[in-house]
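Beneath this line is the structure, given in structure tokens, with notes to follow.
The values are calculated or read from the model by the stated rules, or taken from the named source; none is laboratory data. Computed from a prediction, not measured in an experiment: that's the story for all the values here. Every residue, glycine among them, receives a Cβ derived from its backbone with ideal geometry; neighbour counts consider all protein chains shown. Note: areas computed on protein heavy atoms with side chains; ligands, DNA, RNA excluded. Shrake-Rupley method; radii C 1.70, N 1.55, O 1.52, S 1.80 Å.
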Amino acid sequence: MSSSSRALAQLAVPRSGAALLQSSSQVPRLFIQSSRKTVAARPAFGSLQGPVSRQFRRGYADQVTPSPEPPKKRRFRTLRWAWRLGYLSAIAGVAYIGYGIYEDRHPEPQTEPDPTKKTLVILGTGWGSVSLLKRLDTENYNVIVISPRNYFLFTPLLPSCTTGTIEHRSIMEPIRTILRSKKASVRFYEAEASSIDPDRKVVRIFDNSEVKGDMTETEVPYDMLVVGVGAENATFGIPGVREHSCFLKEIGDAQRIRKRIMDCVETAAFKDQSPEEIDRLMHMVVVGGGPTGVEFAGELQDFFEEDIKKLVPEISDRFRVTLIEALPNVLPSFSKQLIEYTESTFKEEKINIHTKTMVKKVTDKQVEAVATRPDGSKETIVFPYGLLVWATGNAVRPVVQDLMQRIPAQKNSRRGLAVNEYLVVQGARDIWAVGDCAVAGYAPTAQVASQEGNFLARLFNNMARTEALEGKIAELSGSLNLQPGNTAEISREIEEYERQLRRIKDVKPFHYSHQGSLAYIGSEKAVADVTWFNGNVAAAGGLTYLFWRSAYISMCFSTRNRLLVINDWLKSKLFGRDLSRE
């Protein structure tokens, strides 16, 4: 027997499994070396029994013909890409916000006013005036802004300030911050205009602040004047309204309502207070079924349901909200289905709605009104109240009334300054009007005033460019043919300037484009009547509430306001509204 046969015979009958494992590493080498005798060696391999044989076959297969590993499946690829996209979007958003903050904090140097340019005086810091300032190229004019308040107020969120959902400074933008971002410096005077003389072209102003200096009244001359003073609250001659009601138009009104709400709550919780007096104090009456009145009623109901009921439970069941509207329904500018949805939502929230009801008299403790029944009969209703908010009607301010009396063409106008299609005051030269003080055939809303301000900015910018081009054309025409050889070149320049002049002189009249209407109705629900292509889309509910919030955030004038409002919403959601009186 050869040496290789003896080695295979010895391997075929090992004395133990350990011996087999020790010698198994040599098997492949022996097998290859004696490949010619594999057939004779098969009986020896077959004689292995039990687990030892299986171990040998497993080791042999692993080393001779290893099996490939199965490929790993790619899972959650969509989720990974979504995460990456969200991560990159968050970085881009933070970078955008950071850049906006940097720009606000580091404005570029401004140029000084040029006395040779026209003086443009803007009265007011409301939606129309501020929209004009945002888009106006102040390098073309010497701009002067006059207003009794040195800030812009984001009025759509004013009802939220009355209950502490949003802090009042979060919706205030200092006017000097807006003016500092302009290329040319703009002068601002915190004063109120008392009269306008269109013949002498001067505006008389006076200082109405608590701190006064030696000079309290003066005149400001103008070449061009924009009147954007807005309107004041209308009482319709109803006795007691101005003395006993709280209005909702300025930031001071929201603060006054806030204090009055907490006064009513704490007085109702006073020891040994009678049940009748508790019912009166806890009854909040809102007059006006427009967006302001509806949103305030919804915010007020949320305030009591989410916060006051938890902290003052002993009187929470006495709380009531009543909405009074003279028209047949609330939110008259919305579609019928949204009106019905709002009324049904108010019914679920236990907010009482009295439509076709006219207020006739207001005292310090009750409202007397006359309601029209379905059959046409009249009924007198008395509403005891602790808080009365008057959120309806606009009246002309005294300075506008004075200007209307000075212009003969305005003698038949009652609601404000009548303007033409370019917002020029009828019967006056170089005077424009925007916002609630102007009668342009549109509803007195912030959206209308904002578009009017944008239109005037384009108009004034085009007027300045027109004057500059006309001056260049006159200068070139004066030098034409005076020197030999320059005729063709000057003619080409004149043609180019005339082409530009025709293009910028083609200014279309003002046309209001309605973008839609939004209103919050409480319980984290909102209604939206949005213009879409050639029709309207009506939406309501929780998703519309998110759209309402995102729309108002996008309309805020600065990054600072957006961040402050978002922070206030998160704070009130996490910790609740503050019940402090001040």
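From the list Phe206, Phe154, Phe188, pick out the single residue that is among the aromatic types (Phe, Trp, Tyr), open to solvent by less than 60 Å² (accessible area, probe 1.4 Å) and in contact with a strand residue (DSSP E or B) (Cβ under 6 Å, 6 or more places away or on another chain).
Working: Phe206 fails: open to solvent by less than 60 Å² (accessible area, probe 1.4 Å); Phe154 fails: in contact with a strand residue (DSSP E or B) (Cβ under 6 Å, 6 or more places away or on another chain).
Only one candidate qualifies: Phe188.
Identify all residues within the stretch 381-397 that are open to solvent by 40 Å² or more (accessible area, probe 1.4 Å) and either in contact with a Phe, Trp or Tyr (Cβ under 8 Å, 6 or more places away or on another chain) or modelled with pLDDT under 95 (or both); write none if there are none.
Thr392, Asn394
Contact annotation: residue pairs with Cβ atoms under 6 Å, 6 or more positions apart or on different chains, pairing a residue in the stretch 133-153 that is more than 17 Å from Arg465 (Cα to Cα) with a partner that is open to solvent by 50 Å² or more (accessible area, probe 1.4 Å) and not in a strand (DSSP E or B), are Pro148/Asn208.
Looking at the stretch 111-128, can you tell me whether even one residue there is open to solvent by less than 70 Å² (accessible area, probe 1.4 Å) and free of Cβ contacts under 8 Å to residues at least 12 places away in the same chain? Outline the logic, then answer.
So in the stretch 111-128, the residues open to solvent by less than 70 Å² (accessible area, probe 1.4 Å) come out as 111, 113-114, 119-128.
Filter once more, so that each one left must be free of Cβ contacts under 8 Å to residues at least 12 places away in the same chain: none.
No - not one qualifying residue is present in the stretch 111-128.
Listed by first and then second residue, the pairs linking a residue in the stretch 445-461 that is at negative phi and at pLDDT 95 or above to a residue that is open to solvent by 30 Å² or more (accessible area, probe 1.4 Å) and of a type in the set (S, T, N, Q), with Cβ atoms under 6 Å apart and 6 or more places separating them unless they lie on different chains, form an empty list. Please work out if Glu489 is farther than 29 Å from Arg200 by Cα and open to solvent by 60 Å² or more (accessible area, probe 1.4 Å). Against the criterion (farther than 29 Å from Arg200 by Cα and open to solvent by 60 Å² or more (accessible area, probe 1.4 Å)), Glu489 qualifies.
Here's the yes/no breakdown for (1) more than 21 Å from Gly100 (Cβ to Cβ); (2) among the charged types (D, E, K, R):
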site: Asn142; (1), (2): yes, no
site: Val145; (1), (2): yes, no
site: Pro148; (1), (2): yes, no
site: Leu157; (1), (2): no, no
site: Thr162; (1), (2): yes, no
site: Glu167; (1), (2): no, yes
site: Ser170; (1), (2): no, no
site: Ile175; (1), (2): no, no
site: Lys182; (1), (2): no, yes
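When Leu543, Leu501 are screened for being under 22 Å from the mean Cα position of the chain (by Cα) and among the hydrophobic types (A, V, I, L, M, F, W, C), only Leu543 passes. How about the stretch 374-413: which of its residues are within 30 Å of Lys356 (Cβ to Cβ) and without any contact (Cβ under 8 Å) to a residue 12 or more places away in the chain? Matches in the stretch 374-413: Pro374, Asp375, Gly376, Ser377, Lys378, Glu379.
What about Asp402, is it touching a Ser or Thr at 6+ places or on another chain (Cβ under 7 Å), open to solvent by 20 Å² or more (accessible area, probe 1.4 Å) and more than 24 Å from Phe296 (Cβ to Cβ)? For Asp402, the condition - touching a Ser or Thr at 6+ places or on another chain (Cβ under 7 Å), open to solvent by 20 Å² or more (accessible area, probe 1.4 Å) and more than 24 Å from Phe296 (Cβ to Cβ) - is met.
Could you check how many residues of the stretch 329-371 are open to solvent by 70 Å² or more (accessible area, probe 1.4 Å), under 31 Å from the mean Cα position of the chain (by Cα) and under 17 Å from Ala391 (Cα atoms)? Let's see the steps before the verdict.
Keep residues of the stretch 329-371 that are open to solvent by 70 Å² or more (accessible area, probe 1.4 Å), which gives 332-333, 336-337, 340, 347-348, 350, 356, 358, 360-361, 364-365.
Right, trim to under 31 Å from the mean Cα position of the chain (by Cα) and you get 332-333, 336-337, 340, 347-348, 350.
After this cut, where a residue has to be under 17 Å from Ala391 (Cα atoms) as well, the list is 332-333.
So the count comes out to 2.
The requirement of being modelled with pLDDT of 90 or more, among the hydrophobic types (A, V, I, L, M, F, W, C) and out of contact with any Phe, Trp or Tyr (no Cβ under 6 Å at 6 or more places or on another chain) is not satisfied by Leu518. For the stretch 557-573: of the residues being hydrophobic (A, V, I, L, M, F, W, C) and touching an Asp or Glu at 6+ places or on another chain (Cβ under 8 Å), which is modelled with the highest pLDDT? Ranking the qualifying residues of the stretch 557-573, first place goes to Leu564.
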